[in-house]
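Novice: This is the structure I want to talk about, given as structure tokens.
The values are calculated or read from the model by the stated rules, or taken from the named source; none is laboratory data. Note that this is a predicted model, so its numbers are computed, not measured. The protein model used for the area step is the full one, side chains on, heavy atoms only, and it has no ligands, DNA or RNA in it. Shrake-Rupley method; radii C 1.70, N 1.55, O 1.52, S 1.80 Å.
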Amino acid sequence: MKIGLALGAGGARGFAHIIALEALDELGLKPSLVTGTSMGAIIGACYAAGLSGRDIRRHALDLFRDRAKVMAVLLQARVGKFSDLFSRGNPALLDGEKVLDLFWPDQVPDRFDELVLPFRAVATDFYQRQMRVFQEGALVTGVAASMAIPGLVRPVAASGSVYIDGAVVNPLPFDCLEGVDLRIGIEVTGGPRADTIGSPEPFEALFGSSQIMMGAIVREKLKSAQPDVLIFPPVDDFAVLDFFRVKEILDASAGIGEELKRGLDKALSASR
């Protein structure tokens, strides 16, 4: 049986995907196809490169243990200048391809066709206003396009088009899992906590609005079709940019491993 795995967008909340990967590893299951959007594309590419869930966990914990080191690396990947504050530019804008080159594990290859598992990264064609699925060529280009969050990561120009974050059109790309028998979706969009009191800070409002939009897109998609196994990790307590809380996110999501195993057992039993 061919299994497809879709890893959704959600910024730092996407560290929860690692728990799902570890569960698949424990079961000895390898997807025939992996799709990912934004953070899901980053982690999905690492998994498709042959890294285990535990390998990715180790890399993430090690990477975000040293805040000063991470910030120094991000400065290397910065596109804007502080003088942009007085123009139409953004002094905090990052080059997504540089970020990936600096942060990805060394085992991640340069091209899609060098991956161990078939993988697709979902991005948004800005001017054509539609989804674009990257599955060939330079891996860093496709994943950088998928994670090009407006206002934070520079849009990616490729093949005569300009691409931004795939979550704008498809936050959970389970519908891109073609040719498989069983589809797994890990949805980490989340959103602002419903019990929060008071007005959000400007940055919080910006990302919170994006999450609300992405959640609405996913809910509408699920009305017409659903993955065979759909997991919602409990990540609402974490913000999109809480990358330095990776251990807390992993701990909070630990229970989805068994949930995924039960869901797979039920789905596989039903298919026999």
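Novice: If you roll a 1.4 angstrom probe over the protein chains with everything in place, what fraction of the accessible area of the chain belongs to carbon and sulfur, to the nearest %?
Specialist: Roughly 53 percent of what the probe reaches on the chain is carbon or sulfur.
Novice: Let me ask something else. Treating cross-link reach as a plain straight distance, find the lysines whose alpha-carbon is under 20 Å from the alpha-carbon of Lys30, omitting any fewer than eight places away in the same chain.
Specialist: Lys2, Lys261, Lys266
Novice: If you take volume of the Cα convex hull per residue in Å³ from the coordinates, which of (1) 136; (2) 148; (3) 213 do you get?
Specialist: Computing volume of the Cα convex hull per residue in Å³ and matching it to (1) 136; (2) 148; (3) 213 gives (1).
Novice: Might you tell me the accessible area per residue for the chain, computed with a 1.4 Å probe and given in Å²?
Specialist: Value returned for the chain: 49 Å² of accessible area per residue.
Novice: Less than 19 Å apart at the alpha-carbon level, and either on another chain or at least 8 residues along: which aspartates and glutamates does that give for Lys69?
Specialist: In chain and number order, the partners are Asp95, Glu97, Asp101, Asp106, Asp242.
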